[in-house]
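The values are calculated or read from the model by the stated rules, or taken from the named source; none is laboratory data. Remember, predicted model here, so these are calculated numbers, not experimental data. Note that each Cβ is placed from the backbone with ideal geometry, even for glycine, and that neighbours are counted across all protein chains shown. All accessible areas refer to the heavy atoms of the entire protein, side chains included, with ligands and DNA or RNA removed. Shrake-Rupley method; radii C 1.70, N 1.55, O 1.52, S 1.80 Å.
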Amino acid sequence: MPKTLVIVESPAKARTLSRFLGANYQVEASYGHVRDLPDSADQVPEEIRKKKWGRLGVDTDGDFKPYYVIPADKKRHVQALKLALKGASEVVLATDPDREGESISWHLLEVLKPKVPVRRIHFHEITESAIREALRTVDSVDENRVRAQETRRILDRLFGYTLSPLLWKKVQTGLSAGRVQSVAVRLIVEREEQRRAFRAGAYWDLEARLRSGDREFTATLVRIGEDRLALGKDFDPATGQLAADAKVRLLREDDGKALVEALNAHLPWTVTAVEEKPIAQRPAPPFTTSTLQQEANRKLGFSADRTMQIAQRLFQGVELGDGRMEGLISYHRTDSTTLSEKALGEAGAAIGQMFGGEYYGGPRQYQTKVRNAQEAHEAIRPTEFVLAPEQLRGQLDADELRLYDLIWKRTIASQMADARLLRTNVEI
C-alpha cells in the first residue's frame, strides 16, 4: 500500500516523527543539504571548469548564477530518498521552518523531481499535537526564502574563497571566513587600531568598606566638596588627558593617599542623607538564539557550538520515562522574543499552579530590539510548561538537564509579575 513520504533533515528527527505518525507514513532523513556549491576542483561541473570563476561555482561575469552539485558523501542518501519515493503516494517536506530548511526542501524537489503531489509543512516544536496540526495544512516551498538563503550562500563563497587563505596564513589553518566572519575580522582590525592609538591617563578613586551591626557594604567616593570625581569616561582616549569640557576633580595617587589619611583622622563619619526608593524590576524576555548562547556560556560555561548541539537534541526529541518521544523545546534558531497566544496561556496556568496567582499579572509580550529581526518563529521556550526540570532528572543527561533548566526558568520568569525592590542610597 502506498505511503506518504515525509522528509526531514536528520535521522533523530525522523525517528521522533515515525513514532507519532504510524504505519501510513514513511519518514526519511535527507541528512542536511543534498546539493551545494562545488567544494573542490574535481566537483566543478564540466561546462564551467575552464571559466575563470569555475572554481567558485558562481558566475561572477554574469548574473551570479550558482552551479550546484551533489557531494560524494550525499549521493547514497539521495539514492535512498529516490528509492523511497517510488512507493510513495505523496511527499511531505518537513524540514526546519527557516531559510535553511526552505532551501533544503527546494533542493530536494530539484533533485528528486517527484511526480506525486508535494506539500511543505511547518512546525515550531516536535510534539505529536504540533505535527498533526501541521499535516492538516497545505503549503508550498517559499521561493523568497530560498532565494534569500541562496544569496547568503553565494556571499559566503565569494568572501570566503578570498579571505579564508589569508586567515590560514595569518591566524590558523582550517579557519573559514564567509559573510559573517569577514565582517568580524574587520571589526577586530578596527578595534586593534583603536587599541594602538589609545593613550592612557591615570586617575584614582576611593572606596570604603563600612559596617553597621552585622551588615557590611561598600561606599564609593563620588565628589569632593561640590566637585564630581573624575572617571574614565571623562578622559579623551586619543590624548589620555581630561576632556576640555569635563568639569570634574582629578584625583591623583598622592591626593588619594592624603585623602585616606584625612578621612581616617575624622572618624566617626556622619550620615547626611538616606533616600529609599521602591522600584519594580521587569523580568528578562525569553531566549533568542544569541541570548541563549550568551547565558549558557556565562552560567554553564558552554561554548556556542555545545549549546546549539544540546538544544538540537532537546528540540528533535527526547525519550521520556513513560515511553513518549517528545521535543522538549521549541525551534532553537530564532531572533524573536515573542510567544504564541497558546504558549502565553499555558505559561500563565503553570505559574498559577506552581507558585500561586499573586506571581502572575497577565501575559507579557516583549519587543525584539534587533532592528532587522526576521521574527519568523517564537522565542525559545518549553513545549510543556508544566514539565519542570526536576521531573526530567534521570531522563536527560547532565548537560541537557542544565540547558533545559535554563530555558524553562527564563521562560517562566518572563511571564511572572515584576519583582518589587527597595533601593536605598546613603550619603555619608
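Expressed as a whole percent, the proportion of Cα-Cα pairs in the chain lying more than 28 Å apart is 66%. Each listed q (0.19 Å⁻¹) maps to a log10 I(q)/I(0) for the range 300-428, found by the Debye formula over equal Cα scatterers with no solvent: -1.14. Taking Lys233 as the anchor, which lysines have their alpha carbon closer than 16 Å to its alpha carbon, excluding any fewer than eight residues away along the same chain? Correct list for Lys233: Lys247. Note on surface exposure: Tyr366, Tyr404, Tyr25 rank Tyr25, Tyr366, Tyr404 by accessible area, highest first, 1.4 Å probe. Sorted largest first, the principal axis extents computed over the alpha-carbon atoms of the range 1-118 equal 52, 26, 24 Å. Would you work out what percent of the accessible area of the chain, with all protein chains in place, is carbon or sulfur (probe 1.4 Å)? That fraction is 51 percent.
Distance distribution P(r), the range 248-297, all Cα-Cα pairs, bin width 5 angstrom from 0: 4, 12, 10, 9, 10, 8, 8, 11, 16, 10, 3, 0 percent. Between Asp305 and Glu133, the contour length at 0.36 nm per residue exceeds the alpha carbon distance by 58.8 nm. Modelled spin-label separation between Ala184 and Glu207, with each label point placed 7 Å from Cα along the Cα-to-Cβ direction: 3.3 nm.
Against the chain, whose longest principal axis is taken from its Cα atoms, helix 398-414 shows a tilt of about 70°. So if I take the alpha carbon set of the range 198-307, get Rg, then get Rh from the Kirkwood formula, what is the Rg over Rh ratio? Taking Rh as the inverse mean 1/r over Cα pairs, Rg/Rh reads 1.12. The distance from the alpha carbon centre of the range 326-346 to that of the range 402-428 is 20 Å, rounded to a whole number. Between the range 227-289 and the range 45-100, what's the alpha-carbon centroid distance in Å? Between the Cα centre of the range 227-289 and that of the range 45-100, the gap is 61 Å. Taking Cβ atoms as reference points and 13 Å as the exclusive limit, the residues near Thr220 contribute a net charge of 0, counting Lys and Arg as +1 and Asp and Glu as -1.
Amide H contacts of His377: Asp335, Ser336, each under 5 Å away and 5 or more positions distant or on a separate chain (H built 1.01 Å from N in the peptide plane; Pro and chain starts excluded). Full extension of the chain between Val271 and Ala148 gives 38.0 nm of extra length, using 0.36 nm per residue less the Cα-Cα distance.
With a Förster radius of 25 Å, plug the Cβ-Cβ distance of Asn24 and Leu320 into 1/(1 + (r/R0)^6) and report the FRET value to the nearest 0.05.
0.55
Per residue, the solvent-accessible area of the chain (1.4 Å probe, heavy atoms of protein chains only, all protein chains present) comes to 59 Å². A 1.4 Å probe, protein heavy atoms only, puts the accessible area of Ser89 near 50 Å². Under 5 Å from the amide H of Thr383 lie the amide H atoms of Ile329, Ser330, each residue being 5 or more positions distant or on a separate chain, with H modelled from the backbone and absent for Pro and chain starts.
For Val92, the residues whose modelled amide H falls within less than 5 Å of its own, excluding neighbours fewer than 5 places apart on the same chain, are Leu5, Val6, Ile7, Arg119. Only protein heavy atoms count here; under a 1.4 Å probe, Leu206 has an accessible surface of about 30 Å². Checking the Cα-Cα distances for Lys52/Lys82; Lys65/Lys113; Lys74/Lys115; Lys75/Lys115; Lys13/Lys86 against a 24 Å cut-off, the pairs over it are Lys52/Lys82. Taking a straight line from the alpha carbon of Lys51, these aspartates and glutamates sit under 13 Å away, with near neighbours fewer than eight places off in the same chain left out: Asp59, Asp61.
Using 0.36 nm times the number of residues separating Gln353 and Arg196, minus their current alpha carbon distance, what extension gain do you get? Let's see the in-between values first.
Working: separation 157, 0.36 × 157 = 56.52 nm, distance 5.74 nm.
Difference between extended and current length: 50.8 nm.
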